[in-house]
Amino acid sequence: MKARTSTPEELVNLFLDYLMVEKAVAENTRFAYARDLKKFIYFLKKRKKSLKQIGNDELSLFLQEQSRAGLSPRSLARLGSSLRSFFRFLLLDGYLEKNPAARLTTPRSWPNLPQFLTLTEVEKLLSQPAENDPQGKRDKAILELLYATGLRVSELVKLKMDQVNLKASYLLCRGKGGKERLVPFGASAATALKNYLMEVRPFLAKKEVPYVFLTRRGQPFTRQGLWKLLHQYAVLAGLEDKVSPHILRHSFATHLLERGADLRSVQILLGHSQITTTQIYTHLSRKWLREIYDRFHPRA
C-alpha cells in the first residue's frame, strides 16, 4: 500500500477527478457521487474512524442509518454503488490493501414506470400554443418536435442550426456522453419547425447565435425555462397533474411500441446505450399487451 496521509476529503476529490479525466462520466453523475460520499465522510467523522478502519459491517451500518433516515431503496442502491466504486478506486490506486465494499449488498429497487399521455392528451397539449403570434409559433415547434423525436429537454435546448436538416426532416442529436444519433421527425413537426425558422427566429436572433430555439431576449433556453413553458401549456390543457419533464419523451416511446415498432429501433431513437433501459416501456400499456395476447395466443 502506498504511504499516503491524504484526508478522506482529499481522497474523495481525487476519486472525482479520476471519474472526470479517466472515466469521462457525466457531470450529473459526478455530482451524485460527491453527494453520496459527503454523507459517508460525515459518518466516518461521527464514529471517529479512518478509511483504513472501515469494514463491511461499518458500511452496512451506514446504509442502515440512511435507510432509517428515509432514503428510498433506489437511492440506497445508488449509494451502495458509489461506495463500491470509491473503494475500488482506493484499492486499485494503492490507498488500501483490501476492499471493504467488495461484499456490500444493497436492496434492489423496482424501476419507476414512466408516465405517458394518451394520443388524445397529446393532441390537446400540442393544440394549446396560439399559432397566430410569434411566441405561439415558436412554442408549437418546440412541443411538436419534442413529441416527434423523443429528445430529452436538455438535448432540445442545446440543439443547433447545423444539426437540423429541414429538407430531409431529421436531426443530428448529441446526447449523453457526446454520442450522436440521427432522429427523423414527421410532417407536423416539420411544418411547425419551418414556420418558426422562417417567420419567427430571424426576429429573435438579435445577434448571431447557433441555437435553434431562442427566448424573447434572443438567448437559448435553459432546461428550467423550457420546463416552465411545457408546464404552462399543460395547465392550459388541463394536464397539469400528468406532466413531468420527460412526459413527451415517454409518450413518444410508448406510442411507437404500441404501433408495432421494434424495441431495438426505439432504443436507437431514444439514444439509450443499453436496451434494458428501453425495455421499461414494454410494461406501460396493459391494454395494448392484453390485445396482443388475445390476438395471438392460441388459447386466449
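What to note about this one:
- The set of residues in the stretch 129-180 being under 16 Å from Ile268 (Cα atoms) and more than 20 Å from the chain's Cα centre (by Cα) consists of Tyr170 alone.
- Unique match (being in a loop (DSSP other than H, G, I, E, B) and under 21 Å from Leu171 (Cα atoms)) among His250, His272: His272
- Scanning the stretch 253-269 for residues that are closer than 19 Å to Glu144 by Cβ, more than 18 Å from the chain's Cα centre (by Cα) and either in contact (Cβ under 8 Å) with a residue 40 or more places away in the chain or assigned to a helix (DSSP H, G or I) (or both) gives His255, Leu256.
- Single residue of the stretch 1-13 satisfying the filter (more than 20 Å from Arg78 (Cα to Cα) and free of Cβ contacts under 8 Å to residues at least 12 places away in the same chain) that is nearest to the chain's Cα centre (by Cα): Glu10
- Top-ranked residue of the stretch 36-66 - restricted to ones that are assigned to a loop (DSSP other than H, G, I, E, B) and surrounded by 12 or more Cβ atoms within 10 Å (Cβ to Cβ), ranked as farthest from the chain's Cα centre (by Cα): Lys49
- All conditions in (1) outside the structural domain of Leu197 (by TED's automatic domain parsing); (2) touching a Phe, Trp or Tyr at 6+ places or on another chain (Cβ under 7 Å); (3) not β-branched (Val, Ile, Thr) hold for Ser169, with the sole exception of (1).
- No other residue among Leu230, Leu236 is closer than 26 Å to Asn165 by Cα and touching a helix residue (DSSP H, G or I) at 6+ places or on another chain (Cβ under 9 Å) apart from Leu230.
- Matching residues in the stretch 103-122 - criterion: being aliphatic (A, V, I, L, M) and either assigned to a helix (DSSP H, G or I) or modelled with pLDDT under 85 (or both): Leu104, Leu113, Leu119, Val122
- Leu83 falls short on exactly one of the conditions (1) assigned to a helix (DSSP H, G or I); (2) at pLDDT below 90, and that condition is (2).
- Count of the stretch 14-35 residues which are surrounded by 11 or more Cβ atoms within 10 Å (Cβ to Cβ), under 19 Å from Asp93 (Cβ atoms) and within 25 Å of the chain's Cα centre (by Cα): 11
- Checked against the criterion of being without any contact (Cβ under 8 Å) to a residue 12 or more places away in the chain, in the same structural domain as Gln128 (by TED's automatic domain parsing) and on the phi < 0 side of the Ramachandran plot, the candidates Lys158, Lys176, Lys194, Lys207 yield just one match: Lys207.
- Here Gln135 passes the criteria (1) of a type outside the set (Gly, Ala, Ser); (2) in a helix (DSSP H, G or I); (3) over 25 Å from Tyr233 (Cα atoms) except the one numbered (3).
- Count - residues of the stretch 44-102 that are among the polar types (S, T, N, Q) and not assigned by TED's automatic domain parsing to the domain that holds Met20: 1
The values are calculated or read from the model by the stated rules, or taken from the named source; none is laboratory data. Keep in mind the model is a prediction, meaning the values are calculated, not measured. When we count neighbours, we look across all protein chains shown, and the Cβ atoms used for this are built from the backbone with ideal geometry, even at glycine.
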